[in-house]
Amino acid sequence: MADIILETRELTKEFKGFTAVSKVNLSVKRGSIHALIGPNGAGKTTCFNLLTKFIEPTRGEILFNGQDITRERPAQIARRGVIRSFQISAVFPHLTLLENVRLGLQRQLGTSFHFWKSEKSLSQLNGRARELLAEVGLEDLAEETTVNLPYGRKRALEIATTLAMEPELMLLDEPTQGMGHEDVDRVAQLIKKVSKGRTILMVEHNMGVVSTIADTITVLQRGAVLAEGPYAEVSRNPQVMEAYMGTTAGQLQGAH
């Protein structure tokens, strides 16, 4: 039995007679990159919202490191080390990159939002903040104002601020959405790089990204698990191919 960091059992969410997530059994292995994919309306985002407790499940259980976290609040989940990128990474456009990452580190210290704290007490965080910027390839832009960054670099900064929270499990919601090819490739490689020693669960539309970096793929359709496994296996599954026929037949064969 592989070491499972996150598990759901029969996870179900109903909205006024509509079942958005239906009896989902998910097992995320520690140290892996696990992708949730599926056509639009498949329930991926609802699933993410359930895992981070933005919404409560109708039925089912969520276990993190073997402990039942189904009824915990979002802040409790975050303290356990389950960090969703947008949760904390709505980066502040008029702060520098260094200041943004430092804020993530402050939250980790529990001195969150003490903006009046002296520069001296904050400067002790600079070393770690610069290390995190280096990890995402932004060390040369530490003093740049965030608003000036191109879109792909902003996403890299979001990943750095997420890493500042020391996530045991990082949840990335559509990390390459709205990007051109060059940025998509860069961010995909970045995710692969920062996954070392961490676990990543991501919702991603781009099949090129998923086929390149995901260890395990779970395909959702109409809120239920349609298939699960490595990309090579899942992409040949006739049911999965049929589910994607509505978009483009070639999409699953590694096309962007």
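Bear in mind these aren't lab numbers, they're just calculated from the coordinates by the rules spelled out. For clarity, every value in this text was computed on a predicted model and none was experimentally measured. Positions of Cβ are generated from backbone atoms using ideal geometry, with glycine treated the same way; all protein chains shown enter the neighbour counts.
GNM on the chain, C-alpha springs below 10 Å: top fluctuator among Glu204, Glu56, Glu158? Looking only at Glu204, Glu56, Glu158, the largest GNM fluctuation is found for Glu56. As a proxy for reagent exposure, ranking His205, His181 by other Cβ atoms within 10 Å from fewest up yields His181, His205. Of the residues Ala188, Ala160, Ala142, the one whose Cα sits farthest toward the positive end of the charge dipole of the stretch 133-190, with +1 on the Cβ of Lys and Arg and -1 on the Cβ of Asp and Glu, is Ala188.
Only four residue types carry charge here, +1 at the Cβ of Lys and Arg and -1 at the Cβ of Asp and Glu. Report the dipole size of the chain about the Cα centre in Debye, rounded to the nearest 20.
Numbers: 30 positive and 29 negative charges, 122 e Å.
With only Lys, Arg, Asp and Glu charged at Cβ, the dipole is about 580 debye.
For the stretch 128-144, the Karplus equation 6.51 cos²θ - 1.76 cosθ + 1.60, evaluated at θ = phi - 60°, returns couplings of 5, 4, 5, 4, 5, 5, 5, 4, 9, x, 10, 4, 6, 10, 3, 8, 6 Hz by residue, with Gly and Pro reported as x.
The lysine pair count for the chain, using Cα distances under 22 Å and pairs eight or more places apart or on different chains, is 17. Rounded to whole numbers, the Karplus 3J(HN,Hα) couplings from phi for the stretch 203-211 are 9, 8, 8, 6, 5, x, 5, 4, 5 Hz, using 6.51 cos²θ - 1.76 cosθ + 1.60 with θ = phi - 60°, and x at Gly and Pro.
Find out how many positive minus negative residues lie around Val209, taking Lys and Arg as positive, Asp and Glu as negative, among other residues whose Cβ is under 12 Å from that of Val209.
Values: positive: Arg186, Lys192; negative: Glu174, Asp183, Asp185, Glu204.
Local net charge: -2.
Over the chain, the alpha carbon radius of gyration divided by the compact-protein estimate 2.2 N^0.38 Å works out to 1.03. In order along the stretch 224-240, phi translates into HN-Hα couplings of 10, 6, 8, 7, 8, x, x, 3, 4, 6, 5, 5, 9, 5, x, 5, 5 Hz, rounded to whole numbers, per the Karplus curve 6.51 cos²θ - 1.76 cosθ + 1.60 with θ = phi - 60° and x for Gly and Pro.
Positive contributions from Lys and Arg (+1) and negative ones from Asp and Glu (-1), summed over other residues with Cβ under 12 Å from the Cβ of Asn25, come out at -2. A cut-off of 5 Å between modelled amide H atoms, ignoring neighbours fewer than 5 places along the same chain, links Leu226 with Val219, Leu220, Gln221. Remark on Thr70: its backbone amide H falls under 5 Å from those of Ile62, a criterion applied only to residues 5 or more positions apart or on other chains, H modelled at 1.01 Å from N.
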